[in-house]
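Here's the structure we're looking at; comments come further down.
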Amino acid sequence: MQTTLESTDKHTVKLTVEIPPDEVGKDLDRAYRKIAQQIKIPGFRKGKVPKQVIDAQFGHDAVLGEFIEESVPTYYREALREHDLAPITEPDIELGDVEEGKALVFTAVVEVRPRLTLDASAYKGIRVDRPKVEITDQEVDRYLDSLRDRFAELETVSRAAREGDYVVVDLHAAVHGEEIPEATRPDHLYAVGSGEFGDKLDAELAGKRAGEIIAFNDTLGPGAGDRAGQEVSFRALVKEVKGKKPPDADDEFARVASEFDTLEELKADLREQLRKNRERSADADVRDRVLETMIGSVDVELPDSLVDEEVQHRVVHAQERAEQAGMTLNQLLETQGFDELRFRADARDHAIRAIKADLVLEAVARQEDIQVTAEEIGREIGSLAAALGREPKDLAKSLDRTGQVVALAGDIIRSKALDLLDEHADISPDPGAEEPTQQSEGSSEEVAATGGTAEETS
């Protein structure tokens, strides 16, 4: 097989493939044999029907159709591999005459993924600042307070209820006089501020004392499923207000809550836990900064079809999340302070960044000849299987059938490329920088749940 490649547009190429006569003949014979196995002709055993009989009965076009369906895609994929092309659209194939004893020439015009070429000097020695990691006494105390809160006991108080308290209520809910069983609960221990039955119930309970009765109407939110949008009449008798009483911060608490004998030992351990978590966050932040620097240094025009596909992937993911929550996409977006127009614009920005990150890491991997081993793929599948509660062998078969093993291998290679960038980066402490924080509120990535570290989003 001989192939030639020419560019026809910014992201479109034309592949010309020539199949030698002997290969054409073999493939046509294979097409005849397949048809012969599928038909029954009186006087002939199955699979033994002569070519001329098949042509006479079904027409030579049927054989050519089988050839085109089975053989041409195989040669097309071989040509893609030969030229290391990654198509992003279906090819437009023009086929020449298919004749036994003659070569076959066909062309395939297809839009392909851009490819970057980077010199090692472009990605080794990237200068980035590492956020300073510093743990204050106040942070340790807050961590300790949260731990004490988990060991807190509830005690009846005589004051009014406030957020964080618990109230014992006889709760009754009805729609047009019809009781809602799932929201009608006698002697129910309700956490004020939990939003279990909507924010309005929390607002009504706050400031109420034992013996008081509240009654109000509220509209059920999208999380209520079939009842969403219905007006509900709530009535509740506050029977008891309970506040949390955390244990004293002393050596006895340390012995109950941990393996340590003293409070100081416990606080030292909490400080170390905070430090380790902060160090991991700082490391992830450095990786993000290194990758962002690389993304900003390359100038590549992306095909609209590639970006649109990534945006649609994020939209579909958000829709799936909405369905799981019993909402429409617009309802989910509203809870995040978005409308669909803004979400799609934000998703497009993230899509462009993710694609460029992939292209950069792929270029580094090619330059450094980064490979992935069967053992590495096996370990990754094992980790995925454990997370999903599946057998690794079953998951491996499923991934192989759907072609996702190749995608998994690509993810591993890109992750290794990012490790290399990180290893060769020129990292300086940044005493003036804020320590790394979680992703800011209101990002479309939160809606689509596609955020994470650099390698996860790339």
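What follows draws every value from the coordinates through simple rules; no lab data is involved. Just so you know, these numbers come straight off a predicted model, no measurement behind them. Heads up, the Cβs are rebuilt from the backbone with ideal geometry, glycines too, and the neighbour counts pull from every protein chain shown.
Things worth noting here:
- Whole-Hz couplings from phi, Karplus 6.51/-1.76/1.60, listed for segment 388-393; x for Gly and Pro: 8, x, 10, 6, x, 5
- Those aspartates and glutamates that a straight Cα-Cα span of less than 19 Å connects to residue 393, excepting residues fewer than 8 apart in one chain: 375, 376, 380
- In order along segment 401-412, the phi-based Karplus estimate (6.51 cos²θ - 1.76 cosθ + 1.60, θ = phi - 60°) of 3J(HN,Hα) comes to 4, 8, x, 7, 5, 4, 5, 5, 4, x, 4, 5 Hz; Gly and Pro are listed as x.
- Across segment 2-111, the relative contact order, built from alpha-carbon pairs under 8 Å that are at least six residues apart, equals 38 percent.
- Separation of the residue 214 and residue 257 label points, Cα + 7 Å toward Cβ, nm: 3.0
- Rounded to two decimals, the Cα-based Rg/Rh of segment 1-146, with Kirkwood Rh, is 1.41.
- With neighbours defined as other Cβ atoms within 10 Å of a residue's Cβ, the residues 294, 327 order from fewest to most as 327, 294.
- If the convex hull is drawn through the Cα atoms of segment 153-245, its volume per residue in Å³: 86
- Anchor residue 40: lysines whose Cα lies under 18 Å away (excluding residues fewer than 8 positions away in-chain): 48, 51
- Amide H contacts under 5 Å for residue 239: 168, 169, 170, 211, restricted to partners 5 or more places along the chain or on a different chain, H placed in the peptide plane at 1.01 Å from N.
- Within the chain, the proportion of C-alpha pairs whose separation exceeds 40 Å stands at 49%.
- With the convex hull constructed from alpha-carbon coordinates only, segment 291-382 shows a mean projected area of 8.6 nm² over all directions.
- Value of relative contact order over segment 122-237, rounded to a whole percent, pairs C-alpha under 8 Å and six or more apart: 24
- Summary of the geometry: segment 133-163 and segment 1-45, compared by the centres of their Cα atoms, lie 73 Å apart.
- Helix-only mean residue ellipticity at 222 nm for the chain, each DSSP H run of n ≥ 4 adding -39500 (n - 2.57), per residue, nearest 500: -16000 deg cm²/dmol
- Taking amide hydrogens as placed 1.01 Å from N in the peptide plane, the amide H of residue 208 sits under 5 Å from those of 161, each at least 5 positions away in sequence or on another chain.
- Normalised by the number of residues in the chain, the mean separation of alpha-carbon contacts (under 8 Å, six or more apart) gives a relative contact order of 17 percent.
- Per-pair calculated FRET efficiency, R0 = 22 Å: residue 383 and residue 90 via Cβ, rounded to 0.05: 0.05
- Taking 8, 89 and counting other C-beta atoms within 10 Å, the order from fewest to most: 8, 89
- Which of 109, 300 has the fewest Cβ neighbours within 10 Å, and the rest in rising order: 300, 109
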